[in-house]
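Report on the following structure.
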Amino acid sequence: MHRRPVRDDLSDVSDAMGWADAIAAEAGLGERVRHDLQVCLEEALSNLVIHAHAAGEKDIALELLADGGNALVQISDRCAPFDVATAPLPRPDAARTGGAGLRLLRTFAGALHYAREDDRNVLRLTVHAPAVIDTATFKNIPAFAEMPDAALRQLIDASATHVFETAARLMTQGETSEFCIILLEGSVSIVNERQSGAFPVANVHAPALIGEIGALADLPRTASAVALTPVTAITASSAALRRAFDNAPRSLHGVIRQLGQQIRNVNTALGLYADGLGALERGEIDQTLAHDLDHLGPNLENFTEAFRRLTKRIEQERRTRAEMASAAVIQREMLPREMGDERLAGRCDVFGDMTPAKHVGGDLYDVFMLDDDRLALCVGDVCGKGVPASLFMCITVTTLRIVAREGLALDDMMAKVNTSLFAQNPTSIFATLFFGVVDLRNGRLTYVNCGHNPPLVLHRDGACTPLASSGPPLAILPAKRWPVQEATLAPGEALFIFSDGVTEALDVGGVEYGEERLLHVLSGAPVRDAKGLVAAVNQNVARFAEGAEQADDITCLALVLPTK
Amino acid sequence: MQLNIEDLPDGVTKAILAGRMDIDGASAVDMQFNVLAGNKRALVVDLSQVSFIASMGLRTLMTCARAISSKGGRMALASPQDNVRRVLDTSGVEDLMGVLPSVESAVSFVRTT
């Protein structure tokens, strides 16, 4: 390995290039490798001198190793990070001259690797000895089948040899097609990159030509190419490819034939997809379709494979959806349906209901007797959606039920619940919760409110009074305590506890349902049964939000005391 | 690096470059190209005696081509050697100027203005 510092001026870059060429010549590297090495060094080094910024010394170091006819180069510097291997290329046009050098570097370096190591940019590049290519191999590629040897040789000579590691990207969808790639060894996957993820459309094995239509027709790439194995390839610029076909126009027949075959494949595949998607929709892949998939012939092997992957993905998604649905069922089962406790008979009327949003949600409510006379009621809302929120909701309900039975004072109880939830909370989920206890002998209500929206007390004259809220939600702060508050429910009065899914329900125009509408329904409702109150609110919200997607769980819990 | 300038009929100018158009080469002819860019509307650069060109040399040629085309003129590069042609193919200069196999074809390319 030879090493040399490079000063921050162009004349030293020039000297460094001479130094490198002398080493290359000494090591017996071929004329072409020496030339391409000079091109790469000039771009990489002059770029650092002219464009790169550094807080202090640029401290550029050049290392060179000649090995097996190849030149291995490492350039490192203390400049601001810049990844020449993947920085976007500007299109050369009348407005700017930039980008030409980067194109040169990426083409003439057969392998290019950038890393930021400590405070240094490290660029490693290899200039490969040209691949020894037998033109006979190319005759198996339809586009080249009819190309005369001389034109083929010229194209090969004008191309650069590249080596790609597994998973390296050979082409990127959407980029302008400035070159085509002729695979000499290895396999690549052609992937269509969609919003929903990368979808493999074909696997291509050497020897093969890819990206030629884009390069000939100056079209953006319609797909990306990713190496499935280590790949050796030559890349020919669109200019060189066009020149080859200009010199041998008859060989374009081969390109057109290949394109025609591809169009036929696509048409057949479209039919296959239509059949297949229909079958998937019905949840059945029947015998005939399975047979068709297995007997499509070599041209459609790629589509068969892609279709199988698609099928697998859809089935996986369906399974996930089924799991989500069972999670929603389990969650629903956690919540009480009917309050059949005989200790309630004649002393109060209580009813709760939760309408989950599209997927499993995070609302919870619970009603249970603490002893013969005291009824516990709670409504909560776990922040977040999906499985984590619903799991946390289940944990919250269970913890509340267990701790509530320990006979602690309300504030001690809630502090204990909070500590327990805080400890079981790796993803920092939190929950708002109203927890109240009604003494059925005298209507006395004691409660704590952990950041939940204030429940409403419905008086006999139709007026409503909110119960003042207090404190942060559960599971955010360790060792937090909430003050216990009190209120009294008179005979014939009701308590209505709800989640913000009620007041924040949106109509199709994006308008919130709001507290006013809720108050209006509650005060207008012919009290006094709990189920009727909940139904009145649910119906009113549903009518308001008709046509809009429900964004949040809607939970209502009503308690009505009998008129004495 | 040498640059000889020859006026051809019909207002076409031929610039014959010879040597290595590397960092030193490009800086040696940079000023002359600036003058050509300011004065000429039809310019052919004969590259047959240029053995090397890379990003610095391309920059000189592209700056000149841009100036000429902004005046409605045309510039073309003629008869590049194989290595030089590979560089031109890759760099995308063809969006800015013609690249032609002979001086004759380059002359007729710039004359059709």
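Couple of notes before you dig in:
- One residue alone among B:VAL99, B:VAL87 is hydrophobic (A, V, I, L, M, F, W, C), facing chain A (nearest Cβ under 7 Å) and more than 17 Å from B:VAL29 (Cα to Cα), and that residue is B:VAL87.
- For first residues located in segment A:229-251 and within 15 Å of B:SER91 (Cα to Cα), partners that are of a type in the set (S, T, N, Q) and lie 6+ apart or on another chain with Cβ distances below 7 Å form the pairs A:THR235/A:THR107; A:THR235/A:SER159; A:ALA236/A:SER159; A:SER237/B:THR90; A:SER238/A:SER177; A:ALA240/A:SER159.
- Residue list for segment A:500-511, filter: in contact with a strand residue (DSSP E or B) (Cβ under 6 Å, 6 or more places away or on another chain) and either among the acidic types (Asp, Glu) or over 13 Å from A:GLU549 (Cβ atoms) (or both): A:VAL502, A:GLU504
- A:LEU123 vs. criteria closer than 22 Å to A:ASP9 by Cβ and touching a His at 6+ places or on another chain (Cβ under 8 Å): yes
- Of the residues making up segment A:392-409, none is among the polar types (S, T, N, Q), in a loop (DSSP other than H, G, I, E, B) and surrounded by fewer than 16 Cβ atoms within 10 Å (Cβ to Cβ).
- Residue within segment A:359-369 that is among the charged types (D, E, K, R), farther than 27 Å from A:GLN539 by Cβ and touching a residue at least 40 places away in the same chain (Cβ under 8 Å) present: no
- Note on segment A:33-53: among residues that are within 40 Å of the chain's Cα centre (by Cα), more than 10 Å from every other protein chain (Cβ to nearest Cβ) and crowded, with 16+ Cβ neighbours inside 10 Å, the one that is modelled with the lowest pLDDT is A:ALA52.
- Criterion (out of contact with any helix residue (DSSP H, G or I) (no Cβ under 6 Å at 6 or more places or on another chain), at pLDDT 85 or above and under 23 Å from A:GLN485 (Cα atoms)) met by exactly one of A:ASN453, A:ASN442: A:ASN442
- For B:LYS71, the test of being more than 14 Å from chain A (Cβ to nearest Cβ), of a type in the set (Lys, Arg) and in contact (Cβ under 8 Å) with a residue 12 or more places away in the chain is failed.
- Out of A:LEU375, A:LEU391, one residue alone is of a type outside the set (Asp, Glu), in contact with a helix residue (DSSP H, G or I) (Cβ under 9 Å, 6 or more places away or on another chain), on the phi < 0 side of the Ramachandran plot and at pLDDT below 90. It is A:LEU391.
- Note on segment A:163-184: residues that are within 14 Å of chain B (Cβ to nearest Cβ) and over 21 Å from A:PRO220 (Cβ atoms) total 0.
- Selection from segment A:194-226 of residues that are farther than 30 Å from B:GLU94 by Cα and either among the hydrophobic types (A, V, I, L, M, F, W, C) or in contact (Cβ under 8 Å) with a residue 24 or more places away in the chain (or both): A:ALA198, A:PHE199, A:PRO200, A:VAL201, A:ALA202, A:ASN203, A:VAL204, A:ALA206
- Condition met for A:GLY68 (touching a residue at least 24 places away in the same chain (Cβ under 8 Å) and within 14 Å of chain B (Cβ to nearest Cβ)): no
- Pick from segment A:163-205, criterion of a type in the set (Gly, Ala, Ser) and surrounded by fewer than 18 Cβ atoms within 10 Å (Cβ to Cβ), ranking: modelled with the lowest pLDDT: A:SER196
- Filter result (part of a strand (DSSP E or B) and under 23 Å from the mean Cα position of the chain (by Cα)) within segment A:157-169: A:ARG169
- Any hit, segment A:226-234, residues being within 14 Å of chain B (Cβ to nearest Cβ), out of contact with any Phe, Trp or Tyr (no Cβ under 6 Å at 6 or more places or on another chain) and closer than 17 Å to A:VAL188 by Cα: yes
- Across segment A:12-32, the qualifying residues are those that are at pLDDT 95 or above and within 11 Å of chain B (Cβ to nearest Cβ), and the one among them that is nearest to B:ILE23 (Cα to Cα) is A:SER14.
- Looking at B:LEU17, B:LEU43, B:LEU8, B:LEU47, just one residue is farther than 29 Å from A:ARG106 by Cβ, at pLDDT 95 or above and more than 10 Å from chain A (Cβ to nearest Cβ), and that residue is B:LEU43.
- Filter pass, B:THR60 being in contact (Cβ under 8 Å) with a residue 12 or more places away in the chain, within 12 Å of another protein chain (Cβ to nearest Cβ) and not charged (D, E, K, R): yes
The values are calculated or read from the model by the stated rules, or taken from the named source; none is laboratory data. Nothing here was measured: the structure is a model prediction, and the numbers come from that model. In this analysis, Cβ positions are derived from the backbone assuming ideal geometry, glycine residues included, and neighbour counts consider all displayed protein chains.
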